[in-house]
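Handing you a structure now.
The values are calculated or read from the model by the stated rules, or taken from the named source; none is laboratory data. Because the structure is a prediction, the values reported are computed rather than measured. As a convention, Cβ positions derive from the backbone with ideal geometry for all residues, glycine included, and neighbour counts pool all protein chains shown. When the accessible area is computed, the model is the full protein with side chains, heavy atoms only, and any ligands, DNA or RNA have been set aside. Shrake-Rupley method; radii C 1.70, N 1.55, O 1.52, S 1.80 Å.
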Amino acid sequence: MKKKLLSMLLCIVMLASLFAACGKKDDADNKEPGTQQGNDEGTDEGNDDAGDEEGEATAITTVGPDSGTKMEMWTFVELHSQFYAEMLNLWNEQNPDKQIQITFTTYPYGDMHNKLLMSNQAGTGAPDLCDIEISQFPNFMQGEVQFRELNEFVDKYRDDIVPARLEIYSKDGKEYGAPTHVGATVMFYNTEILEKYGVDYTTIKTWDDYTEAAKKVAEGSNGEVYMTSVDTGGTDWLWVAMAEYGEDYTTDEGAPNIELQSIKNMLNMQKGWLDEGLAIVSPGGHVDLEEGFANLGDGKIASFPKAMWFMSRFLNYLPEMAGKWAIAPCPVFEEGQPRSVGIGGTGTVVSLQSKNADLAAEFITFAKLSYEGNVKIWEVLGFDTCNTEIWSDPEITSDTSNQYIAYFVNNPFDALNEIKDEIGVIKVGKINPAISEQFNLTILNNVFENGADIDEELKMAQEQLELEDY
Amino acid sequence: MKSLKKVLYSQKAAPYVFVLPFLLSFMFFWIYPLFSTVKMSFQSILPGQVEWIGLENYQKLLKDRVFHLAIKNSFTYMFWTLVLLIPFPMIYACIMDGKLVKAKGLFKALLYLPALTSVVVAGTMFRLMFAEMETSQMNQIVQWLGFGPIKWLKGKYTGMFALLLVACWRWTGVNMLYYLSGLKNIDNSLYESAEIDGASGFKKFLYIQLPLLKPTTIYVLTISIYAGLAMFLESFMLWNGNASPNNIGLTIVGYLYRRGIEKNQLGYASAVGLVLLAIALFINIIQLIWNGTFKKEER
């Protein structure tokens with residue numbers, strides 16, 4: 001009997017050590033020469049060296065004098081660090097007594113956010129400054145926030161900045177993230193296609209007009225060209241609908257509430273388009289992907305709604321289409337509804353682990369909130385800046401040598417100024433990552449790909465969401 | 001000094017001294033984390049705010065449909081890997097061990113090669129092969145066979161097929177090697193006496209190789225059950241992240257990663273991990289009792 005017990009115990013030990021064996025094996029595999037592409041995000045969190053050794057970080061640059069205060073900064077878009085580098089040079093010129101040297105590291109989106117979460121949890125390994133994408137931001141607001149409060153540094157620029165953009169990166173009145181842009185959603189129209197099939201995009205005011213135009217395109221092209229592509233992996237269309245009806249899929253208390261009329265209307269309309277052959281499902285799930293860019297480049301679809309920051313994608317991925325695309329306000333369900341919504345965003349935070357948190361905060365608010373900074377944000381990144389004075393500064397808006405203004409058929413600022421007071425805000429709280437997950441992984445796929453019932457899907461997802469903490 | 005010498009030279013103490021390094025690392029790296037995980041599964045863990053919440057995490061697990069789906073996926077995957085990765089490698093090994101096969105070393109090396117490839121690289125290659133475009137390799141093949149292009153990684157069954165193909169490609173050679181080494185242990189005189197009695201090749205397989213390979217089979221079965229349940233990386237690479245449409249590629253460990261790393265709910269993730277441990281232990285202990293591993297050696 002004793003022996004039996006002992007052998008049982010040994011078996012448990014053996015199994016437990018299997019955990020070890022398997023874990024180690026994977027590591028060993030990945031360190032094979034020539035295959036150093038890291039993968040174990042689960043194991044190397046917060047390990048600063050991981051990036052270098054695994055070739056994960058796509059770019060590491062150091063900017064600023066050696067004598068300056070040394071800082072680390074993580075971003076998930078390389079272009080962002082270029083912008084910060086330019087602002088850093090300007091800062092060092094203007095502040096000879098407060099020189100800074102920053103090492104910028106660009107990680108893939110998921111890796112960077114996971115690394116920062118783990119560093120916060122562990123209390124060590126976080127960079128001084130870090131970009132956080134808005135949909136990930138709520139994850140960092142749980143528990144005791146590990147970032148420096150920025151209010152006193154923001155005060156200097158507060159009057160010029162759209163208040164809603166500061167609010168989305170705050171908790172209990174304390175602001176933790178410096179915003180980059182408004183992210184006003186607009187409709188991008190391929191004028192070449194539309195003209196070919198006799199559609200004037202400026203006359204499209206409502207979704208009914210839009211559907212009529214879609215029919216013209218489908219008929220004229222014998223179903224070869226579609227008016228748009230609907231997303232199975234993104235919620236932009238739903239945000240537009242919610243903003244138009246003034247609804248929000250989280251309540252004021254932060255509870256999920258996704259069975260909304262606006263969402264149902266949008267999904268029903270989109271499903272109708274699919275059934276009638278007026279639209280396709282976005283290859284890969286949404287437009288902001290290699291497959292999506294290829295779809296646009298092939299002239300498969302004539303329009304799609306996206307936030308203003310998508311302009312830079314046109315320049316990077318579709319330079320040959322210059323002079324074909326126009327920007328206009330989104331259609332609405334009923335005339336008089338607001339025609340835009342702010343989507344996306346990046347809040348830059350200062351870690352409490354930083355030895356020079358105050359200096360870092362002073363620099364980052366200068367870089368992202370000052371007038372010079374906002375001009376640079378427009379010039380380098382092509383974003384609709386949080387300082388709306390830029391939108392009506394003729395020196396900037398009529399500068400035709402600017403690459404973004406030169407690319408589009410009409411002036412992006414005309415569209416922006418038209419919707420300036422109609423840009424809706426959808427709250428982003430703790431439950432939002434879970435809501436996006438429900439839509440992007442389950443609901444939209446089932447509705448558009450598998451023909452599931454819309455009301456039924458929303459109801460089931462709502463039940464699942466109510467199990468989450470919020 | 002003398003007493004120390006006495007301890008070191010003592011026949012009773014020496015074995016413990018020798019296993020001490022293992023025991024220490026085992027305690028430090030495995031026993032401690034195990035208990036710490038148990039503790040964390042009863043807590044809500046956030047930076048600067050660790051609270052005891054009793055059984056709340058487990059109660060949530062009971063109602064969490066996505067978790068149930070993850071368990072189902074892991075089980076389906078495990079089941080099919082057992083079906084595909086035990087009999088076939090065994091047969092291949094027996095064929096390879098026979099006299100008919102030439103250039104054995106070459107075949108062994110070739111079949112083992114996939115196991116040396118990083119899953120990351122392999123997963124990326126398979127993802128491209130299974131892409132939904134008409135031009136992807138798998139769609140070219142099915143079109144050549146007269147079927148339409150398939151959205152491989154969007155469907156439940158095709159997605160599982162892709163996962164299993166990666167598993168077979170990767171592990172067949174490894175399991176075959178286990179069986180080959182098992183076959184090496186079989187005494188040649190058994191074959192000789194069987195031949196004298198006029199046994200055919202199939203009879204030899206059935207009455208000599210199959211029973212004598214039982215210890216190897218039990219070992220392969222035990223690790224395959226665990227490996228099947230703990231699969232994560234293949235799915236992660238095939239869907240380029242932890243998010244597959246309708247969660248068709250979500251495994252238990254994938255869910256643990258999503259909760260613990262991506263959503264910063266380490267307490268909840270610990271509970272997920274413990275459920276995985278419990279399931280793996282349960283199945284394997286049943287399996288081992290059933291196979292008679294715990295019975296007294298009969299000699």
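Under the definition of Cα pairs under 8 Å and six or more residues apart, what whole-number percent is the relative contact order of chain B?
Computed over chain B, the figure is 27 percent.
Once you put a point 7 Å from the Cα of residue B:63 and another 7 Å from the Cα of residue B:212, both along the Cβ direction, what distance in nm separates them?
5.9 nm
Which aspartates and glutamates does residue A:156 reach when only Cα atoms under 18 Å apart count, and residues fewer than 8 places away in its own chain are ignored?
Counting by Cα, and skipping residues close in sequence, residue A:156 has these aspartates and glutamates nearby: A:167, A:175, A:358, A:362, A:372, A:389.
Continuing with this model, one more query. Scan around residue A:170 for amide H atoms under 5 Å from its own, H built in the peptide plane at 1.01 Å from N, and keep only partners 5 or more places away or cross-chain.
Those lying under 5 Å, H to H, from residue A:170 are A:176.
Oh, and also: Expressed as a rounded percentage, what relative contact order does segment B:211-282 have, with Cα pairs under 8 Å and six or more residues apart?
25 percent
Ok, one more. Would chain B count as rounded, prolate or oblate if I go by the C-alpha gyration tensor, calling it rounded below 1.5 in a/c and otherwise prolate when a/b exceeds b/c, oblate otherwise?
Judged from the Cα gyration tensor, chain B comes out oblate (a/c at least 1.5, b/c at or above a/b).
Taking the dipole about the Cα centre of the protein assembly as shown, with the C-beta of Lys and Arg at +1 and of Asp and Glu at -1, give me whichever of A:73, A:182, A:408 is farthest to the positive side.
Projecting each Cα onto the dipole axis, the largest value belongs to A:73.
Using θ = phi - 60° and the Karplus curve 6.51 cos²θ - 1.76 cosθ + 1.60, what whole-Hz ³J(HN,Hα) does each residue of segment A:201-214 get, with Gly and Pro shown as x?
Taking θ as phi minus 60°, the curve returns 5, 5, 8, 7, 10, 10, 5, 5, 4, 4, 5, 4, 4, 4 Hz for segment A:201-214.
Under the Karplus relation 6.51 cos²θ - 1.76 cosθ + 1.60, θ = phi - 60°, what is the ordered set of whole-Hz ³J(HN,Hα) values for segment A:395-402, x standing for Gly and Pro?
So the J values, rounded to whole Hz, are 4, 8, 5, 9, 7, 6, 7, 5.
Put simply, what bits of segment B:99-141 lose 30 Å² or more of accessible area when the other protein chains are there, versus the chain on its own (1.4 Å probe)?
For segment B:99-141, once contacts with the other chains are taken into account, B:116, B:118, B:120, B:121 lose 30 Å² or more.
Moving to a separate point now. Could you tell me the calculated FRET efficiency between residue A:95 and residue A:255, based on Cβ-Cβ distance and R0 = 45 angstrom, to the nearest 0.05?
Approximately 0.45, to the nearest 0.05.
Give the calculated FRET efficiency between residue B:200 and residue B:295 to the nearest 0.05, with a Förster radius of 35 Å applied to their Cβ-Cβ distance.
Efficiency for this residue pair is about 0.60.
Give the long-range amide H neighbours of residue A:206: residues separated by 5 or more places, or on another chain, with amide H under 5 Å away, using H modelled in the peptide plane at 1.01 Å from N.
For residue A:206, whose amide H was placed from the backbone, the distant partners under 5 Å are A:332.
Counting other Cβ atoms within 10 Å of each Cβ, which GluC sites (Glu not before Pro) in segment A:392-429 have at most 11 and sit in a DSSP loop?
none
Could I ask something else about it? Provide the buried accessible surface between chains A and B in square angstrom, both chains summed, 1.4 Å probe, rounded to the nearest 100.
Its buried surface, counting both partners, is about 4600 Å².
Can you pull the percent of the protein assembly as shown's accessible area that's carbon plus sulfur, 1.4 Å probe, other chains left in place?
With neighbouring chains kept in place, the figure for the protein assembly as shown is 58 percent.
Work out which GluC sites (Glu not before Pro) in chain B are exposed loop sites (DSSP not H, G, I, E or B, at most 12 other Cβ within 10 Å) and give the longest gap free of them.
That would be B:135-296.
Name the residues whose placed amide hydrogens come within less than 5 Å of the amide hydrogen of residue A:348, ignoring near sequence neighbours (fewer than 5 apart) on the same chain.
Excluding prolines and chain starts, which carry no amide H, the hits are A:132, A:178.
Can you pull the mean other chain C-beta count within 10 Å for peptide A:426-438?
Taking all residues of A:426-438 together, the mean is 1.
Would you mind counting up the charge near residue A:261? Only other residues with Cβ under 15 Å from its Cβ, with Lys and Arg at +1 and Asp and Glu at -1.
Charge balance near residue A:261 sits at -4.
Check each of the trypsin sites (Lys or Arg not before Pro) in segment A:138-214 and keep only those in coil by DSSP with at most 11 other C-beta atoms within 10 angstrom; list them in order.
none
Taking the Cα centre of chain B as origin, work out the dipole magnitude from +1 charges on Lys and Arg Cβ and -1 charges on Asp and Glu Cβ, in debye rounded to 20.
600 debye
Also: So what is the relative contact order for segment B:146-252, in percent, with contacts set as C-alpha pairs under 8 Å and at least six apart?
34 percent
Here is a further query. Looking at the square roots a ≥ b ≥ c of the eigenvalues of the Cα gyration tensor of segment A:331-470, which shape do they give, rounded for a/c under 1.5, prolate if a/b is larger than b/c, or oblate?
oblate
Can you give the FRET efficiency for residue B:192 and residue B:278, using 1/(1 + (r/R0)^6), R0 = 56 Å, r = Cβ-Cβ distance, to the nearest 0.05?
It comes to 0.70.
Excluding ligands, DNA and RNA, what is the solvent-accessible area per residue of segment B:1-40 at a probe of 1.4 Å, expressed in Å²?
That works out to 96 Å² per residue.
Further question: State the answer as a single residue: which of B:180, B:160, B:82 lies farthest towards the positive end of the charge dipole of chain B, with beta carbon charges of +1 for Lys and Arg and -1 for Asp and Glu, about the Cα centre.
Going by the Cα projections, it comes out as B:180.
Over 19 Å between C-alpha atoms is what I'm after, so list which of A:174/A:430; B:72/B:156; B:60/B:154; A:115/A:368; B:156/B:263 land there.
Checking Cα-Cα distances, B:60/B:154; A:115/A:368; B:156/B:263 exceed 19 Å.
Moving to a separate point now. Return the distance in nm (one decimal) between the two label points of a simple spin-label model at residue A:411 and residue A:462, each offset 7 Å from Cα along Cα→Cβ.
Here the modelled spin labels are 4.6 nm apart.
Further, regarding this structure: Nothing charged except the Cβ atoms of Lys and Arg (+1) and of Asp and Glu (-1): what's the magnitude of the dipole of the protein assembly as shown about its Cα centre? Round to the nearest 20 debye.
For the protein assembly as shown, the charge dipole is close to 5860 debye.
Using a simple spin-label model with points 7 Å from Cα along the Cα→Cβ vector, what separation in nm is obtained for residue A:276 and residue A:156?
Roughly 5.5 nm, to one decimal.
On to the next question. Putting +1 on Lys and Arg Cβ atoms and -1 on Asp and Glu Cβ atoms, find which of B:70, B:292, A:283 reaches farthest to the positive end of the dipole of the protein assembly as shown.
B:292
Now for a separate question. I want to verify a result. In a Gaussian network model of chain B, Cα cutoff 10 Å, which of these has the top mean-square fluctuation: B:12, B:60, B:263?
Maximum among the listed residues: B:12.
Each residue of segment B:193-208 in turn: what ³J(HN,Hα) in whole Hz from Karplus with 6.51, -1.76, 1.60 and θ = phi - 60°, glycine and Pro shown as x?
Taking θ as phi minus 60°, the curve returns 5, 5, 5, 4, 7, x, 6, 7, x, 5, 4, 4, 4, 5, 9, 10 Hz for segment B:193-208.
Assign one of three labels to chain A, namely rounded, prolate or oblate, based on the Cα gyration tensor with a ≥ b ≥ c the square roots of its eigenvalues; rounded applies when a/c is under 1.5, prolate when it is not and a/b is larger than b/c, and oblate otherwise.
oblate
Give the lysines reachable from residue A:216 as a straight Cα distance under 23 Å; neighbours fewer than 8 places away on the same chain don't count.
A:196, A:205, A:271, A:300, A:306, A:324
Could you work out the local net charge near residue A:281, counting Lys and Arg as +1, Asp and Glu as -1, over the other residues with Cβ closer than 9 Å to its Cβ?
With Lys, Arg at +1 and Asp, Glu at -1, the net is -2.
Please average, across the residues of B:262-269, the number of beta carbons from any other chain that are within 10 Å of each residue's own beta carbon, and give a whole number.
Per-residue shielding by partner chains comes out at 5.
Ignoring everything except DSSP H segments at least 4 long, calculate the 222 nm mean residue ellipticity for chain A; use -39,500 (n - 2.57) per segment, divide by total residues, nearest 500.
After summing the helix terms and dividing by the residues of chain A, the value is -12000 deg cm²/dmol.
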